[in-house]
Amino acid sequence: MTQPAAPQPAAQSTVDELITAHLPVVGHLVREMLARVPAHVRREDLFSAGSEALVTAARAFVERHHSWDAAGDRLCAAYEALLSERRGGRTSRT
């Protein structure tokens, strides 16, 4: 798989904002995954892999959409749909 090119300096702050905003999700997923992987898999390795994936995703997102503001609502909606699917179709909104 090809890595997205590093963003231009103007877009770098957007990438940084995306990473900062979503890094807690990586931590949550690591805690969730630790219960499902063999005991020899280290937390640090999972966090490293998750962080690398987040950086790649943030760069690709900014490359495609050019800013958080331009597509932030779509990203949030997609994330909410993913969470809903993981919960078996239940949504957190009433």
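Give me a count of the residues in region 32-54 that are of a type in the set (D, E, K, R), farther than 27 Å from Thr14 by Cα and assigned to a helix (DSSP H, G or I).
In the first step, residues of region 32-54 are kept if they are of a type in the set (D, E, K, R); the result is 32, 36, 42-45, 52.
Those left that are additionally farther than 27 Å from Thr14 by Cα: 32, 36, 42-43.
When the remaining residues are screened for being assigned to a helix (DSSP H, G or I), the result is 32, 43.
So the answer is 2.
For every residue, the table says whether it meets (1) at pLDDT 90 or above; (2) surrounded by 13 or more Cβ atoms within 10 Å (Cβ to Cβ).
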position	(1), (2)
Ala10	no, no
Leu18	no, yes
Gly50	yes, yes
Ala58	no, yes
Glu63	no, yes
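Can you tell me which residues in region 28-54 are of a type in the set (Gly, Ala, Ser) and within 12 Å of the chain's Cα centre (by Cα)?
Ala49, Gly50, Ser51, Ala53
Under 8 Å between Cβ atoms, at least 6 apart or on separate chains: pull out the pairs that start in region 43-60 with a residue that is free of Cβ contacts under 8 Å to residues at least 24 places away in the same chain and end on any residue that is outside any helix (DSSP H, G or I) and among the aliphatic types (A, V, I, L, M).
Partner pairs satisfying both residue conditions: Leu46/Val37.
The values are calculated or read from the model by the stated rules, or taken from the named source; none is laboratory data. Computed from a prediction, not measured in an experiment: that's the story for all the values here. All Cβ positions, even for glycine, are placed from backbone atoms using ideal geometry, and neighbour counts span all protein chains on display.
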